[in-house]
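Read the structure below first, then the notes.
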Amino acid sequence: MIRHRPFGSGHPYAATEDQRVPARPLDGEAVELRVRASASVVAMVCEWAEDGGAPAELPLARRDSGVNGAAQPGTGAAAEPGAATEAQPGAVDGGHLAAAQARAARAAAGSWAVRTPVLRSGHRYAYRFRADLDGGGRRTSRWFHVSAASWSADGGKLDVTGADQIVPGSVRWLADADGVLRVRFEVALRPEEHVVGFGERFDAVDQRGRDGARLDAVVFEQYKAQGRHGRTYLPMPFALVVGGAASWGLHVATSRRTWYEAGERLCVEAEVGQDGVLGVRFHDGPEPAGVLRAFLDEVGRPTELPSWVFRLWASGNEWNTQERVMDRMDRHREHGIPVGALVIEAWSDETTFTAFRGAAYEASEEPHRLADYTFPADGPWPDPKGMVDELHGRGVKVLLWQIPLQKMRPHPRHQAAVDARQLVEHGYGVREADGRPYRNRGWWFPLALMPDLSSQEVRDWWTAKRRYLVEEVGIDGFKTDGGEHAWGHDLRYADGRDGAEGNNLFPVHYARAFGDLLRACGKAPVTFSRAGFAGSQPHGAFWAGDEDSTWEAFQSSIRAGITASACGIVYWGWDLAGFSGEVPDAELYLRAAGASAFMPIMQYHSEFNHHRTPLRDRTPWNVAERTGDERVIRVFRRLVEVRERLVPYLAEQARKAVDGGAPLMRGLFFDHPHDPDVWRFPLQYKLGDALLVAPVTERSVSEISVYLPEGEWIDVWTAHALAGGQEVTLPAPLDRPPVLCAAEHWSRLFPVFEAPS
């Protein structure tokens, strides 16, 4: 076996053991050619030819696994500086995905490699590999081709609309022997301007002047520590510029990968298609809300969701039986903690994501109805419909977990085999460049097939299998997890896009598919996604993905909410206090709950831990038991009671945002774009027009400095009035997170904060 993939797995940040590094070299660069080979190979050479001449022989050497092969992203390479190889031996994380990561690490066995001569633009190079086998014999690969790219002032076209702020003479085009690949340009910035946006960002709110920090817009599953890696599930090629005489925005109108660096100028780099044209849209404000409204007119306005989404959401990955689910809901009732939405993750057999685990039924090519299933009385889900009916009677809505893949490991049987066969035979899957079905290249559900949800026919086929869950069982929504599984620039989609253009749009189609299913069944389109791109705004609610229970993750998640909202995401939340690792201490848990009570979505969740004891549920009673802190249940209950009274206000303010107003959760700069002091407090935010929230994100804090913009403000817990335009120190007890109300709204909101008699 000889395996060489010039672009590797398509991982956007890491090189693999069988690829060309860099995949697209620049003029004057040599490349490293990596090959995976079977153990029977004892020697290998590369036949390297320039412009059709006689090939030279370059001997390959064995390469240790895990060696860093990263290169600069701006050169067309596969990885960022300092990125490790795709599967990292010795770098396996903890948590429910550790086993998958370990399998990927074992797969990164040593390979062979050789460094080529320097490549020059204007020339074409061809190469292949010849392997000598132990005991005699020889194997030869096919020929591969490469050329060097170079930057020049000509080559493509920028299609600019709006007030053009591109710096004259800054446009450069990257092209190789086959055509234009990328474009670079610079956008003028004034010294007082700040740059926010680029989708959900965990590392900073203001991206201006961050010592050469380089962002990109590519959908990626960064499992935990997103703030440290600068990667995101929910990127967007949109920047909101605030602080000058008027606010404005930049939308790089492409779903291909883009890069940004906001220093003295905003430097932009973007991949382009074969036509060499890139759309660039400038939006004038003059205020931030007007800029955002213009951007949403391009990509899609948010859709209003029902008010129950503003109540507490509860979930745990180990709630995998009807008995466990009802026990958790009973405990909520016993402790007097209202819950409005239950997310059941571990409900299905996890081969189809359509059938409750333990159900007996006949495999079928047609969608099942509820009557087709038998639920054993001693099974994990003896009566799913009865359970949902009872929860509805308690005022609790129910969402079920989904993943947009057809698992192929272990080998599919029963209904999973039927679904996989249909997907392949009807051509319903995303395809490789050669027409074969794409097999997931990531380490979560490896080698799974992926339905091509860019096609209406496939969306209908995929969701029809789940229709009975909504129509008959009564499910109210879906947690549309995943969506980051499309790797490879040369994949093929039914809508005519290749992977370079279509991969970022996959999560948009995914949430849309399930929203359409819910609408067709007469329900609101409540989906709960972590992945998305420009165009995701109309499709449900979002959460900030997988994170540990740390103060650092708390801070980065607040940044994520503020930046996602700056790009038009209205319904957003996070796994309060994190979902992974040891149970958070009482202080972190209650500080996170205090902040989440004043975010668009308030929800807790916990990771799978193999049902080991003590449990890692993030329920308030488990946190109280694990930490020994008797305050937890009492304070959590008080915060949720306030949240319940806040629901009408949140629904009203969300409606205003959907109708074109400022986002529901928004940085202070939205309402005070000309106040330079708001940038000194980047984690403060507004919740609607009335409330200002100052999260406590550090340990052992009893008071906090808060910046009050212009106007008069009321401390919601004491009713004391405070003048704006100043920094103040406020008390910060665990049960009273620092929140202020604009004075003009206090008369209608003060009942929310009065303790019941």
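Read-outs: derived from the displayed coordinates by stated rules, not from any lab. Since we're looking at a predicted model, the values are computed, not measured. No Cβ is skipped: glycine too gets one built from the backbone with ideal geometry, and neighbour counts run over all protein chains shown.
Miscellaneous remarks
- Packing, as the average of other Cβ atoms within 10 Å across residues, places the peptides 221-231, 588-598 in the order 588-598, 221-231, highest first.
- For the stretch 214-360: rounded, prolate or oblate by the Cα gyration tensor [a/c cutoff 1.5]: prolate
- Cross-link pairs exceeding 21 Å in C-alpha to C-alpha distance, out of LYS407/LYS479; LYS397/LYS479; LYS385/LYS465; LYS224/LYS407; LYS224/LYS686, comprise LYS224/LYS407; LYS224/LYS686.
- Shape of the stretch 126-226, Cα gyration tensor, a/c cut at 1.5: oblate
- Low-density loop cleavage sites - GluC sites (Glu not before Pro) in the stretch 1-42, where at most 13 other Cβ are within 10 Å (DSSP): none
- Computed log10 I(q)/I(0) for the stretch 307-658 at 0.06, 0.12, 0.14 Å⁻¹: -0.21, -0.89, -1.21, from the Debye equation with unit scatterers placed on every C-alpha and solvent omitted.
- Dividing the summed -39500 (n - 2.57) terms of all DSSP H runs of n ≥ 4 by the residue count of the chain sets its mean residue ellipticity at 222 nm at -6500 deg cm²/dmol.
- Put in line by how crowded their Cβ is, counting other Cβ atoms within 10 Å and starting with the fewest, ARG20, ARG439 read ARG439, ARG20.
- DSSP-defined beta bridges in the chain - what % are antiparallel, rounded to 5: 80
- When the convex hull of its Cα atoms is projected in every direction, mean area for the chain (nm²): 33.2
- Phi-based couplings in Hz for the stretch 516-522 (Karplus 6.51, -1.76, 1.60; Gly and Pro marked x): 5, 4, 4, 4, 4, 9, x
- Relative contact order (percent, whole number), the stretch 151-286, Cα cutoff 8 Å, 6+ residue spacing: 32
- Phi-derived couplings, Karplus 6.51 cos²θ - 1.76 cosθ + 1.60 at θ = phi - 60°, listed residue by residue for the stretch 117-124: x, 5, 9, 10, 5, x, 10, 10 Hz, with x used for Gly and Pro.
- Tensor-based shape of the stretch 217-258 (alpha-carbon gyration tensor, a/c under 1.5 rounded, otherwise prolate or oblate): oblate
- Inter-part distance where the stretch 1-35 and the stretch 183-210 are each reduced to a Cα centre, Å: 31
- Ratio of Rg to Rh for the stretch 429-469: 1.05 [Cα atoms; Kirkwood radius as inverse mean 1/r over pairs].
- At most 13 other Cβ within 10 Å, DSSP loop - GluC sites (Glu not before Pro), the stretch 594-702: GLU630, GLU698
- Based on Cα atoms of the stretch 460-500, Rg over Rh with Rh as the Kirkwood radius reads 1.16.
- Cα-only Debye scattering, the stretch 151-286: base-10 log of I(q)/I(0) at q = 0.11, 0.13, 0.17 Å⁻¹: -0.39, -0.55, -0.92
- Per-residue Cβ neighbour counts within 10 Å put VAL242, VAL339 in the sequence VAL339, VAL242, beginning with the fewest.
- Annotation for the stretch 132-150 versus the stretch 347-381: alpha-carbon center distance of 49 Å.
- Amide hydrogen proximity for SER529: with H placed 1.01 Å from N in the peptide plane, the residues at 5 or more positions away or on another chain lying under 5 Å are THR480, ALA541, PHE542, TRP543.
- Summing Cβ point charges (Lys, Arg +1; Asp, Glu -1) relative to the Cα centre of the chain gives a dipole of roughly 1480 debye.
- Annotation: the antiparallel percentage among DSSP beta bridges lying fully within the stretch 307-658 is about 30.
- Alpha carbon centroid spacing (whole Å) that separates the stretch 287-318 from the stretch 414-474: 27
- Cβ crowding within 10 Å ranks SER557, SER747 as SER747, SER557, fewest other Cβ atoms first.
- Restricting the calculation to Cα atoms, the stretch 665-753 shows an Rg/Rh of 0.93 when the hydrodynamic-style radius is the Kirkwood one.
- Relative packing of peptides 537-550, 280-293 - highest average C-beta neighbours within 10 Å first: 537-550, 280-293
- Among the trypsin sites (Lys or Arg not before Pro) within the stretch 677-757, those in coil by DSSP and having at most 13 neighbouring Cβ atoms inside 10 Å are ARG699.
- Relative protection proxy for 416-427, 444-455, from highest mean packing down: 444-455, 416-427 (other beta-carbon atoms within 10 angstrom).
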